[in-house]
1. Taking only the alpha-carbon atoms of region 2-198, what semi-axes of the equivalent ellipsoid follow from 5 times the gyration tensor eigenvalues under a square root, in whole Å, largest first?
2. If you place +1 on the Cβ of every Lys and Arg, -1 on the Cβ of every Asp and Glu, and leave all else neutral, what size is the dipole of the chain about its Cα centre, to the nearest 20 Debye?
3. If you plug each phi of region 36-51 into the Karplus form 6.51 cos²θ - 1.76 cosθ + 1.60 with θ = phi - 60°, what whole-Hz ³J(HN,Hα) values come out, in order, with x for Gly and Pro?
4. I'd like the Karplus ³J(HN,Hα) series for region 271-280: coefficients 6.51, -1.76, 1.60, θ = phi - 60°, whole numbers in Hz, and an x wherever there's a Gly or Pro.
5. How many percent of DSSP beta bridges within region 65-211 run antiparallel, rounded to 5?
6. Can you put Tyr179, Tyr148, Tyr226 in order, fewest other beta carbons within 10 Å first?
7. To check you understand DSSP bridge types, tell me what percent of the beta bridges within the chain (both residues inside) are antiparallel, rounded to 5.
8. Just to be sure I understand: with springs between alpha-carbon atoms less than 10 Å apart, which residue in Ile36, Ile270, Ile254 has the highest mean-square fluctuation in the Gaussian network model of the chain?
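Please treat every number below as a calculation from the coordinates, not as lab data. Computed from a predicted model, the values in this text were never measured in an experiment. Reconstructed Cβ throughout: ideal geometry from the backbone, glycine too, with neighbour counts over all protein chains shown.
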Amino acid sequence: MITTLTVRADNPSALTLDGTNTYLLIDADTREALCIDPGPDLDAHISHIEDLCAEHSAHIAAIAITHGHPDHAPGALLLQHRSSARLYAHGTCAVPHNVDVSDGDCIAFGSAHVIAVDAPGHTFDHLVFYEPQGRALFTGDVILGHGYVVIAPPGGAMRPYQNTLARLATEFPDALRIYPGHGEVITAPAERIADYRAHREQRERETIDALANGATTIPEIVAKIYAQTPQHLWPAAARQVLAYLLALEEESRITSQPLHRQPTPAETAILAPNWARIVGSRDAAVVEAELGSNNTQELRDYHLIFPPG
Ligand SMILES: [Zn+2]
């Protein structure tokens, strides 16, 4: 038997929802625990994890991170230092770790284990963990408790992300729970994964429709698709649109060229906002990691190669 406990970090924001979920999986036989995503390096949060472990007479045997983003991973180094457990991460993860994890690898704690699934898309160093006894998926930022995930270039890419969702649907159709990196536990995994896949397909259709209806730049596409969305979320939407456009261009379904003019202030507010000023310096690092660097993004215009109809 495995007991799964949640410790929520005190780092709420638009992108981290109520804060990062840290999970503690305790093997009932041996009292050995696996900690997934110790979160940001907040001392109080790490102490909560340790206290919860002590309350359950358990000790941390292993630490695993779903991906290297600053709201998931830095706490792992703190917890590792204080527990001397081994730290497991994707082979390409920039966070220093003890064990490179590849697709299909097992991470053991006591007599229990989770199986790693290579899950690129939100980032390329992303892993999902499957715990077979409870048929539970620990999805990090691949699937959230509510809302949808930001897929932002260059750290993330749309087609790999869609392939990851397809793989989760195919390989884990009988999963009972999803423990997401942010938000509440999901008790109908198959429905949620299907909803996530449909949402991506719908947004892509909307992007193509916007191009067919005369939008040519990312700010114009965003204004069409996200007309009902509060404008302070448009910069995140712009990164999302870019991810679709890059995929479509790679598939030779659209072309793009640089527009040789400076962006207007309204375009700059969407394409390259000053995050530190908008969300404060504390959250700016997380926002920049989640939404990708936009400093180098020139204004381009995009056209369908074969306009529909
Ligand atoms: Zn992330």
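1. 24, 18, 16
2. Here the size comes out at about 600 debye.
3. 9, 6, x, x, x, 8, 9, 3, 4, 5, 4, 5, 4, 4, 5, 5
4. Calculated HN-Hα couplings, in order: 8, 8, x, 7, 5, 4, 6, 7, 10, x Hz.
5. 65
6. The most exposed by this proxy come first: Tyr148, Tyr226, Tyr179.
7. 65
8. It is Ile254.
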